[in-house]
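Encoded as structure tokens, the structure appears first; notes follow it.
The values are calculated or read from the model by the stated rules, or taken from the named source; none is laboratory data. Keep in mind that what you see is a predicted model, and the values were worked out from it rather than measured. Counting neighbours? That spans all protein chains shown, and the Cβs are built from the backbone with ideal geometry, glycine included. With ligands, DNA and RNA removed, areas are computed over all heavy atoms of the protein, side chains included. Shrake-Rupley method; radii C 1.70, N 1.55, O 1.52, S 1.80 Å.
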Amino acid sequence: MSVNRLVEKFKPEHYELKLDLVQAKNREFNGIIDIFGEINDEKEIALHSKDLEIKKITFANDIKLNFSKAENDEILVNIEKLNFKKGDKIQLKIEFSGKITDAMHGLYPCYYKENGEKKELFATQFESHHAREVFPCIDEPEAKATFSLEIRALSDLEVLSNTEIIEKNENGNIQQVRFAKTPKMSTYLLAFVLGDFQRVSKKTKSGVEVSVLATKAQKSELMEFPLSFAVRVLEFYEDFFCQKFPLSKCDHIALPDFSSGAMENWGLITYRETALLAGKNSSISSKKYVALVIAHETSHQWFGNLVTMKWWDELWLNESFATMMEYLATDALEPKWRIWEEFAVNEAVLSLRRDAIDGVQAVHVPVHHPDEISTIFDGAIVYAKGARLMNMLRKYVGNDAFRKGLQLYFDKFKYQNTIGDNLWDCLSEASGKNVADFMNPWLFKSGYPSVLAEEDGEELKLSQKQFFIGEGKDSGRIWPILLGSNQNNLPEIMDSKDLTCKKSPDFVQLNRGNVAHFITNYSQNLFENLLEKVRNGDLDTISRLQILQERSLLSRGGEIPSVELLRTLQSYDKETSLTVWDMISLLIGELKIFIDEDSESSKKMKKFVGNLAQNEFEKLGFIKKTGEDEEDTQKRSSILAHMIYAENKKAISGALDIFENSPNMEDIDPEIRSLILTVKARFEESPELVQKMLESYKNTSNVDYRDDIMVALTSTKNILTGKLLLEKMLENDIIRTQDIL
Ligand SMILES: [Zn+2]
């Protein structure tokens with residue numbers, strides 16, 4: 001059932017919100033809100049309010065108004081007796097109270113330990129429709145308004161919100177804090193946090209004060225890297241979007257309990273601790289992850305916060321865009337990471353696999369009720385495929401036009417709400433191309449084509465059809481395919497079923513850079529030419545990745561036999577790239593699933609994997625060399641994992657040696673720590689070891705280390721360990737709920 005759009009009856013303009021959180025420890029709060037706005041219905045105003053006790057609603061401080069509760073978290077305020085006309089301005093005052101629960105949305109407590117002492121802090125999570133759990137409002141993205149927030153709380157807690165503090169009074173152990181009025185914004189982006197934090201800060205070139213905050217249980221050395229990246233990425237976007245960040249400060253805060261990865265609240269971005277904190281001793285993949293998340297959330301400060309979707313239908317636009325931008329920005333700031341290669345592994349694999357299943361959702365889906373967002377939004381489609389399509393569009397219109405189009409878009413729609421077409425119009429204007437025509441066939445329906453590429457003498461023949469993994473009905477759809485070929489005689493876009501041209505040059509490659517959302521099925525000869533280039537080291541990393549990806553898909557889709565995939569992999573025994581190895585590892589992992597342990601095939605597979613990884617194992621060994629390439633450091637653990645799977649004696653004994661020679665497990669090189677602990681747990685498990693690991697898990701605040709212990713313990717084959725682990729999970733004092741879910 002569709003929900004009513006309350007903004008149609010009443011358009012809020014400003015909220016004056018006073019919250020009394022002195023009793024937060026007792027899980028209670030009180031509030032008074034003044035809502036200013038324009039009426040469009042002379043009889044009633046409908047507001048969202050969930051689990052709040054509404055005590056009194058008045059107009060102009062003294063006229064009491066009657067109200068009643070309705071479905072979908074609505075309260076209906078009868079304003080008939082005020083005799084207002086449409087377009088009149090009104091001010092409602094509402095007194096209310098509420099409860100704080102552990103739901104991890106609305107206003108909720110986070111639990112942690114500092115020096116063994118149990119502590120708590122309070123945070124908010126309002127996306128998608130949880131502001132209504134903290135104050136009555138029109139909780140819809142289109143109902144943009146300004147907010148002035150005042151919080152009364154115990155003095156020993158620091159209070160933060162979207163904007164800077166403009167007034168603070170202390171009286172005994174109680175403080176009253178008032179924040180600067182926010183820009184015009186949606187309710188889901190409002191946030192506040194109360195707790196005892198440490199902070200590092202730095203100003204951007206344009207004077208925005210950027211801070212990273214975490215509880216004092218965290219090591220302060222984990223805050224410098226995120227701070228430096230957060231400053232640089234904000235500067236990058238101000239320049240890229242040609243649009244100044246509108247607030248005076250931007251806080252990035254790590255919370256001990258957080259239901260998703262991060263949330264882009266305007267000026268007060270909240271994160272799960274692992275998504276924000278990383279230092280010089282963290283693994284490189286942790287740092288890359290942190291950088292990508294910061295870049296993602298910071299891009300939302302413009303795309304999402306400054307310009308917001310009209311309704312949740314268009315949430316895909318926010319997320320697709322931010323996911324693409326996180327790579328674009330990170331690549332600009334840390335080019336040595338070659339982060340687009342990871343895009344090719346993460347987002348491309350995820351989306352190509354999911355989108356090949358018949359009946360999967362399209363990027364654009366109708367949302368009738370905001371409750372649906374958490375259930376119908378498929379990350380592989382909305383984030384990964386969406387980001388891939390955005391990137392394809394960027395290639396189609398060109399970088400400069402893409403950027404110019406965005407600048408137009410922000411200029412035209414800032415502090416407003418939009419739909420996808422508004423963006424397409426700006427990009428069309430900037431590029432002179434019809435962007436809607438190009439994008440809509442990809443967005444409104446699921447699926448993508450495979451292009452069969454065959455040679456016929458001097459000719460090259462292409463034909464497109466929908467690609468499926470599993471059953472699927474081909475409805476003869478034709479996509480506008482951005483071919484990205486190396487061929488002189490092929491057009492930019494293939495918009496017909498078949499296409500023939502004279503081959504030139506002889507070597508054929510489509511979709512270079514793996515930018516467009518399709519795969520190529522090369523005929524035998526054409527594919528042999530490609531493989532030869534792989535063996536000779538003549539293809540770039542993304543192409544080598546793409547070949548593996550496409551072969552794996554074609555084999556899953558039954559278009560080539562699966563033994564072909566092994567044959568393809570054989571050409572990669574001199575592979576050195578980290579991302580290609582990630583892909584190889586993924587494919588090997590999947591092939592292993594179909595092989596029974598201890599069978600003849602399993603022995604063959606182990607030998608195959610051992611041979612494939614041998615060169616890299618010889619080169620990398622166990623110990624990080626001084627001045628070593630970062631990629632080698634990162635690759636080491638997966639190469640070692642392959643050699644251990646292959647039961648290579650040198651690899652297993654090497655791992656056990658490292659364990660024996662490390663008095664403190666936490667001090668093992670974080671790049672291989674998970675593997676070393678896993679080898680120990682798998683090959684030399686004992687009750688003492690399990691106990692030692694659980695103790696360590698309980699006593700450390702190092703989140704990466706905790707993850708490593710979890711991996712090691714869950715890899716054991718011992719049923720008793722599994723049982724013990726389950727018991728500990730249930731006592732969630734030791735294992736955090738967010739680590740299980
Ligand atoms: Zn996002």
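Since ASP313 meets every condition but one in (1) within 15 Å of the ligand (Cβ to nearest atom); (2) not in a loop (DSSP other than H, G, I, E, B), which condition does it not meet?
Failing condition for ASP313: (1).
Looking only at region 242-264, filter to residues that are farther than 18 Å from THR215 by Cα and within 16 Å of the ligand (Cβ to nearest atom); which one of those is least open to solvent (accessible area, probe 1.4 Å)?
GLU264
Out of region 317-346, which residues are within 17 Å of ALA516 (Cα to Cα) and either more than 14 Å from the chain's Cα centre (by Cα) or more than 16 Å from the ligand (Cβ to nearest atom) (or both)?
Correct list: LEU328, TRP340, GLU341, GLU342, ALA344, VAL345.
Hey, does region 491-504 have a residue that's touching a helix residue (DSSP H, G or I) at 6+ places or on another chain (Cβ under 9 Å), of a type in the set (Val, Ile, Thr) and assigned to a strand (DSSP E or B)?
Yes, because at least one residue in region 491-504 is touching a helix residue (DSSP H, G or I) at 6+ places or on another chain (Cβ under 9 Å), of a type in the set (Val, Ile, Thr) and assigned to a strand (DSSP E or B).
Those residues that are more than 12 Å from the ligand (Cβ to nearest atom), more than 11 Å from the chain's Cα centre (by Cα) and in a helix (DSSP H, G or I), I need them from region 283-310; list them, please.
Once the filter is applied, which keeps residues that are more than 12 Å from the ligand (Cβ to nearest atom), more than 11 Å from the chain's Cα centre (by Cα) and in a helix (DSSP H, G or I), region 283-310 yields ILE284, SER285, SER286, LYS287, LYS288, ALA291.
Tell me yes or no: at least one residue of region 133-142 is modelled with pLDDT of 95 or more, part of a strand (DSSP E or B) and either open to solvent by 10 Å² or more (accessible area, probe 1.4 Å) or aliphatic (A, V, I, L, M) (or both).
For region 133-142, residues modelled with pLDDT of 95 or more, part of a strand (DSSP E or B) and either open to solvent by 10 Å² or more (accessible area, probe 1.4 Å) or aliphatic (A, V, I, L, M) (or both): absent.
One line per residue, one yes/no per condition, for (1) in a loop (DSSP other than H, G, I, E, B); (2) over 23 Å from LEU554 (Cα atoms); (3) open to solvent by less than 20 Å² (accessible area, probe 1.4 Å):
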{"position": "VAL349", "(1), (2), (3)": "no, no, yes"}
{"position": "ARG353", "(1), (2), (3)": "no, no, no"}
{"position": "ALA356", "(1), (2), (3)": "yes, no, yes"}
{"position": "GLY359", "(1), (2), (3)": "yes, no, no"}
{"position": "ALA362", "(1), (2), (3)": "yes, no, yes"}
{"position": "VAL367", "(1), (2), (3)": "yes, yes, yes"}
{"position": "THR375", "(1), (2), (3)": "no, yes, no"}
{"position": "ALA380", "(1), (2), (3)": "no, no, yes"}
{"position": "ALA384", "(1), (2), (3)": "no, no, yes"}
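Check whether at least one residue in region 353-360 is among the β-branched types (Val, Ile, Thr), within 16 Å of the ligand (Cβ to nearest atom) and assigned by TED's automatic domain parsing to the domain that holds PHE438, and report yes or no.
No, region 353-360 contains no residue that is among the β-branched types (Val, Ile, Thr), within 16 Å of the ligand (Cβ to nearest atom) and assigned by TED's automatic domain parsing to the domain that holds PHE438.
Sort through GLU297, GLU314 and tell me the only one that's in contact (Cβ under 8 Å) with a residue 12 or more places away in the chain, crowded, with 22+ Cβ neighbours inside 10 Å and more than 17 Å from GLY513 (Cβ to Cβ).
After ruling out the rest, the residue left standing is GLU297.
Does region 639-652 contain any residue that is over 30 Å from the mean Cα position of the chain (by Cα), among the basic types (Lys, Arg) and under 19 Å from PHE617 (Cβ atoms)?
Scanning region 639-652, I find at least one residue that is over 30 Å from the mean Cα position of the chain (by Cα), among the basic types (Lys, Arg) and under 19 Å from PHE617 (Cβ atoms), so the answer is yes.
For the condition part of a loop (DSSP other than H, G, I, E, B), surrounded by fewer than 14 Cβ atoms within 10 Å (Cβ to Cβ), among the basic types (Lys, Arg) and assigned by TED's automatic domain parsing to the domain that holds LEU121, what is the one hit in LYS69, LYS85?
The unique qualifying residue is LYS85.
So for region 205-228 (the condition being free of Cβ contacts under 8 Å to residues at least 40 places away in the same chain, hydrophobic (A, V, I, L, M, F, W, C), out of contact with any Phe, Trp or Tyr (no Cβ under 8 Å at 6 or more places or on another chain) and buried (at least 18 other Cβ atoms within 10 Å of the Cβ)), does at least one residue qualify?
Looking for residues that are free of Cβ contacts under 8 Å to residues at least 40 places away in the same chain, hydrophobic (A, V, I, L, M, F, W, C), out of contact with any Phe, Trp or Tyr (no Cβ under 8 Å at 6 or more places or on another chain) and buried (at least 18 other Cβ atoms within 10 Å of the Cβ), one finds at least one in region 205-228, hence yes.
Would it be correct to say that ASP598 is more than 18 Å from GLU575 (Cα to Cα), without any contact (Cβ under 8 Å) to a residue 24 or more places away in the chain and open to solvent by 40 Å² or more (accessible area, probe 1.4 Å)?
For ASP598, the condition - more than 18 Å from GLU575 (Cα to Cα), without any contact (Cβ under 8 Å) to a residue 24 or more places away in the chain and open to solvent by 40 Å² or more (accessible area, probe 1.4 Å) - is met.
For ASP313, only one of the following conditions fails: (1) more than 29 Å from GLU221 (Cβ to Cβ); (2) within 15 Å of the chain's Cα centre (by Cα); (3) modelled with pLDDT under 95. What is its number?
(2)
Out of ASN417, ASN434, report the one residue that is away from the ligand (no atom under 16 Å from the Cβ) and open to solvent by 50 Å² or more (accessible area, probe 1.4 Å).
Just one listed residue meets the conditions, ASN434.
Tell me the helices (runs of 4 or more DSSP H) entirely within region 534-653 that contain at least 3 residues that are in contact with a His (Cβ under 9 Å, 6 or more places away or on another chain).
578-593, 600-620
Answer with yes or no whether LYS461 is at pLDDT 95 or above and open to solvent by 60 Å² or more (accessible area, probe 1.4 Å).
Against the criterion (at pLDDT 95 or above and open to solvent by 60 Å² or more (accessible area, probe 1.4 Å)), LYS461 qualifies.
Based on what the data block shows, is ALA153 in contact with a strand residue (DSSP E or B) (Cβ under 8 Å, 6 or more places away or on another chain), small (Gly, Ala, Ser) and in a loop (DSSP other than H, G, I, E, B)?
no
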